[in-house]
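Q: Handing you a structure now.
The values are calculated or read from the model by the stated rules, or taken from the named source; none is laboratory data. Remember, it's a predicted structure, so these values are computed and weren't measured experimentally. Note: ideal-geometry Cβ built from the backbone for every residue, glycine included; neighbour counts use all protein chains shown. Please note that ligands, DNA and RNA were not included when accessible areas were found on the heavy atoms of the full protein model with its side chains. Shrake-Rupley method; radii C 1.70, N 1.55, O 1.52, S 1.80 Å.
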Amino acid sequence: MTPGQRAEALVAEFGISSPSELDVEAIAFDGGMEVRYEELDGCEATLVGVGNKAIATIRPSGNHGRERFSVGHELGHWNLHRGKSFRCRVDDLSENLASDTVLEKEADSYAAHLLMPRALFDPAIRSGAKIPSFKHIEEVAQAFEVSMAAAVIRMAEVDSLPVIVASYSAKGIRWRAAAPHVPRRWRLHQMLDDDSFAYDLVHGSKGQRCAGKQSADAWFSNDDAEKYEVFEQCMPGRSGEVLVLLYLTDTDMFEARFNPSSLERSSSVQYTGRMR
Ligand SMILES: [Zn+2]
């Protein structure tokens with residue numbers, strides 16, 4: 001089983017049928033991991049295990065969603081990587097997926113599946129309009145008590161909708177995640193295009209539109225992008241950043257001829273530049 005499948009199997013074992021029942025500390029405690037909140041130096045969370053008991057220490061962040069993600073991450077280490085101790089820089093899916101090590105990514109994936117199991121998360125995302133609005137995704141993020149970034153990345157990952165999500169600052173792209181069924185050949189611009197709504201938002205223009213149809217060449221650097229349209233939504237993200245949701249409304253974008261030279265790296269989630 002993958003780390004994500006193991007987390008979802010645990011959720012199923014508890015018979016959890018609504019997001020409000022996803023009490024991550026109780027699930028952890030049941031598995032022998034106690035959670036404490038204390039200031040930590042140089043990391044966000046630690047895990048120390050002895051025998052079949054462990055203590056996870058989480059640095060209080062004032063953000064409940066991030067703390068829950070950290071608990072899920074440490075529980076991932078405890079259930080997947082027993083016998084090791086960890087000092088983690090986790091606080092948010094969009095941040096900690098930037099880490100290089102396999103074990104950190106496994107713990108992140110475990111946490112995302114534990115907090116947003118497909119069986120509960122997918123119907124919640126689909127319960128809105130055909131094209132989910134950020135307002136709807138925010139409601140879902142609140143119901144699951146996760147950060148907005150964690151929710152949009154998970155939304156792409158569960159692959160129910162033809163979406164690409166990304167975060168940009170004025171200096172360029174910071175991370176992106178695409179639904180696996182979206183053709184890999186679509187390459188996002190490294191810098192925001194000044195035709196995009198996100199460009200206006202990140203550069204502080206007031207009163208601009210944040211949702212609407214766009215020519216795909218405002219977002220993609222492929223030569224044929226100008227032939228297609230996408231639905232763009234944007235909202236302020238972490239400081240100085242803009243969160244972008246692109247809904248690929250144009251089915252022709254899925255059928256356009258594949259050009260192997262445009263193949264991107266194998267991961268559907270990519271991170272660029274310094275993460276913090
Ligand atoms: Zn870790």
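Q: Using a 1.4 Å probe on the protein chains only, how many percent of the accessible area of the stretch 3-118 belongs to carbon and sulfur?
A: 48
Q: Determine, for each peptide in 244-255, 23-34, the mean count of other beta carbons within 10 angstrom over its residues, then list the peptides with the highest first.
A: Numbers: 244-255: 18.3, 23-34: 16.0.
By packing density, highest mean first, the sequence is 244-255, 23-34.
Q: In terms of the Cα gyration tensor, with a ≥ b ≥ c the square roots of its eigenvalues, is the stretch 3-118 rounded because a/c is under 1.5, prolate because a/b exceeds b/c, or oblate? Don't jump to the answer; show the numbers that get you there.
A: On the way: a/c = 1.34, a/b = 1.25, b/c = 1.07.
It is rounded, given that a/c, with a ≥ b ≥ c, falls under 1.5.
Q: Given a 1.4 Å probe and every protein chain left where it sits, what share in percent of the accessible area of the stretch 126-221 is carbon and sulfur?
A: 50
Q: With a 1.4 Å probe and every protein chain left in place, work out the accessible area per residue of the chain in Å², rounded to a whole number. Mind dumping the intermediate values first?
A: Details: 12860 Å² over 276 residues.
Averaged over the residues of the chain, the accessible area is 47 Å².
Q: Here is the link list: LYS171/LYS213; LYS105/LYS213; LYS105/LYS135; LYS130/LYS227. Which ones come out longer than 26 Å on Cα distance?
A: LYS105/LYS213; LYS105/LYS135
Q: A further question follows. Under the rule a/c < 1.5 gives rounded, and otherwise a/b versus b/c splits prolate from oblate, where does the chain land using the Cα gyration tensor?
A: It is prolate, given that a/c is not under 1.5 and a/b is the larger ratio.
Q: Once the dipole of the chain is set up with Lys and Arg at +1 and Asp and Glu at -1 on Cβ about the Cα centre, which of LEU161, GLN233, SER61 lies farthest towards its positive end?
A: SER61
Q: Counting each DSSP H run of 4 or more residues in the chain as -39500 (n - 2.57), what helix-only mean residue ellipticity at 222 nm follows after dividing by all residues, to the nearest 500 deg cm²/dmol?
A: Result for the chain, helices only: -10000 deg cm²/dmol.
Q: Rounded to the nearest 10 Å², what accessible area does LEU22 show when all protein chains are kept and the probe is 1.4 Å?
A: 10
Q: Below 10 angstrom from the Cβ of MET253, what's the summed charge of the other residues (Lys, Arg +1; Asp, Glu -1)? Numbers along the way, then the final one.
A: Values: positive: ARG185, LYS227; negative: ASP224, GLU229, ASP250, ASP252, GLU255.
Its environment carries a net charge of -3.
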